[in-house]
1. Taking the conditions exactly as written (aliphatic (A, V, I, L, M) and not in a helix (DSSP H, G or I)), does Val59 satisfy them or not?
2. Regarding segment 30-52, can at least one residue be identified that is in contact with a Cys (Cβ under 8 Å, 6 or more places away or on another chain) and in contact (Cβ under 8 Å) with a residue 12 or more places away in the chain?
Amino acid sequence: MPWCEDCAQFHDRSAINRRGECPVCGRVIAKPARLAWHFKILMIATAAYLAYRLYQGIVLLVHVL
Ligand SMILES: [Zn+2]
């Protein structure tokens, strides 16, 4: 949850606009929504890749044993 220095309080992520500005004073307190979206996609892609590698490892084990 992003912290605003000027307001001295935490703001809910849903209360912050796309540019990451505080809903009270307008100070930028969070990364823009677009960056967060890209980060989320990267995390999903990494998780999918690791799951695929795990699957490959299991298939290899099944064939070896
Ligand atoms: Zn503020």
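1. no
2. Within segment 30-52, not a single residue is in contact with a Cys (Cβ under 8 Å, 6 or more places away or on another chain) and in contact (Cβ under 8 Å) with a residue 12 or more places away in the chain.
Matching residues to (1) within 16 Å of the ligand (Cβ to nearest atom); (2) in contact with a His (Cβ under 7 Å, 6 or more places away or on another chain); (3) polar (S, T, N, Q); (4) more than 30 Å from Trp3 (Cβ to Cβ):
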{"position": "Ile16", "(1), (2), (3), (4)": "yes, no, no, no"}
{"position": "Pro23", "(1), (2), (3), (4)": "yes, yes, no, no"}
{"position": "Ala30", "(1), (2), (3), (4)": "yes, no, no, no"}
{"position": "Trp37", "(1), (2), (3), (4)": "no, no, no, no"}
{"position": "Ile44", "(1), (2), (3), (4)": "no, no, no, no"}
{"position": "Ala47", "(1), (2), (3), (4)": "no, no, no, no"}
{"position": "Arg53", "(1), (2), (3), (4)": "no, no, no, yes"}
{"position": "Gly57", "(1), (2), (3), (4)": "no, no, no, yes"}
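The numbers here are math on the coordinates, done by the rules we state, and not lab data. On a predicted model such as this, the values are computed, not experimentally measured, just so you know. For neighbour counting, all protein chains shown are included, and Cβ atoms are generated from backbone atoms with ideal geometry for every residue, glycine included.
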